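Colleague: One structure follows; several queries about it will come next.
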Amino acid sequence: MTIETILPMPDIFSAKRILCIQPHYDDNDIGAAGILTQLARNGAELFYLTATDDLMGVVDATLSNEDAAAALKRDQFAAARIVGVKEQYWCGYPDAGEYNYFDLRRDFLKHIRILKPDFVFAPDAWLTYEGHRDHIQTGLAAAEAVMFAGLTKIASSDPKVDSAYEGHSIHGIALYFTREPNFIADISSTWEDKIGTVRCYEAQFDPEGMEQLVFALDMKSQQVAQGQSFARGEPLKVLHTSALHVGI
Ligand SMILES: [Zn+2]
């Protein structure tokens, strides 16, 4: 018997309701739009939850916060139409700013208890050399919210949600932006869709920055597919929820 037989890697293709938690408006799509588009086309319902207001990344510094927020949402909805996202939610914490980790976790717990996803996507909080606190906090709070969803003594940000929650099963968590993937998703059939989503994020990238991002994604998607039977991949760390604590 091996550890894999006790805690097998959950099958993301079995997911029916997927909550994708991201620090900024574009992270889910840059990290995982290829596989998420496939899953939506296979019939899964996708929900996106964005932790911050993302205002620091807007290229045009002359825009008011209101206009910048509208531009970000316009881009995000355009990308969501390509992926097939069913619903979007926002926490609105200040991008790269001061906010409380436990408030963030409470908000994630609330959405998990309301939406009852069977799979959660989030950035890998343990990515080596990740310098952006929003990514670390979002990834960790998502992992904790997955682990603690059933423990209603651990409060969400809405007591009514906690008292109404009757429990549900989360099959696994898929961490994107990871250096320790255990699954390379074949995204050959949705590569063009993925790049289409990335190109929607015009408010956050000037033309040169966008071309650099597309080039990097192009190279990376082929690099991670080396040795596989397909041409382009997305690296993911897919974990059983019980594998999120003390490594056994
Ligand atoms: Zn980000």
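Colleague: How are the C-alpha pair distances of the chain spread across 10 Å bins, as whole percents from the shortest bin up?
Modeller: 7, 32, 38, 19, 4, 0, 0
Colleague: Using Cα pairs closer than 8 Å and at least 6 residues apart in sequence, work out the relative contact order for the chain, in percent. Provide the component values of the computation, followed by the final result.
Modeller: Values: 448 pairs, mean separation 67.5, N = 248.
Result for the chain is 27 percent.
Colleague: Here is a further query. Between residue 62 and residue 100, how many nm apart are label points set 7 Å from Cα along the C-beta direction?
Modeller: With each label point 7 Å from Cα toward Cβ, the separation is 4.0 nm.
Colleague: Also: Accessible area per residue, 1.4 Å probe, Å², for segment 1-76: what's the number?
Modeller: Dividing the accessible area of segment 1-76 by its residue count gives 43 Å².
Colleague: Sticking with this one: Rounded to a whole number, what % of the accessible area of the chain do carbon and sulfur atoms account for, probe 1.4 Å?
Modeller: Solvent-exposed carbon and sulfur of the chain make up 54 percent of the total.
Colleague: Take each of the peptides 24-31, 201-208, 162-169, average the number of other beta-carbon atoms within 10 Å over its residues, and list them starting from the highest.
Modeller: Packing order, densest peptide first, comes out as 24-31, 201-208, 162-169.
Colleague: Considering only the chain, what is the antiparallel percent among its DSSP beta bridges, to the nearest 5?
Modeller: 25
Colleague: Moving on to the next point. Given the pairs 16/220; 86/153; 110/194; 16/194; 73/237, which are separated by over 25 angstrom at their Cα positions?
Modeller: Values: 16/220 28 Å; 86/153 30 Å; 110/194 29 Å; 16/194 21 Å; 73/237 28 Å.
With Cα atoms farther than 25 Å apart: 16/220; 86/153; 110/194; 73/237.
The values are calculated or read from the model by the stated rules, or taken from the named source; none is laboratory data. In this text, all values refer to a predicted model and were calculated from it rather than measured experimentally. Note that each Cβ is placed from the backbone with ideal geometry, even for glycine, and that neighbours are counted across all protein chains shown. To get the accessible areas, we keep the full protein, side chains included, count just its heavy atoms, and leave off ligands, DNA and RNA. Shrake-Rupley method; radii C 1.70, N 1.55, O 1.52, S 1.80 Å.
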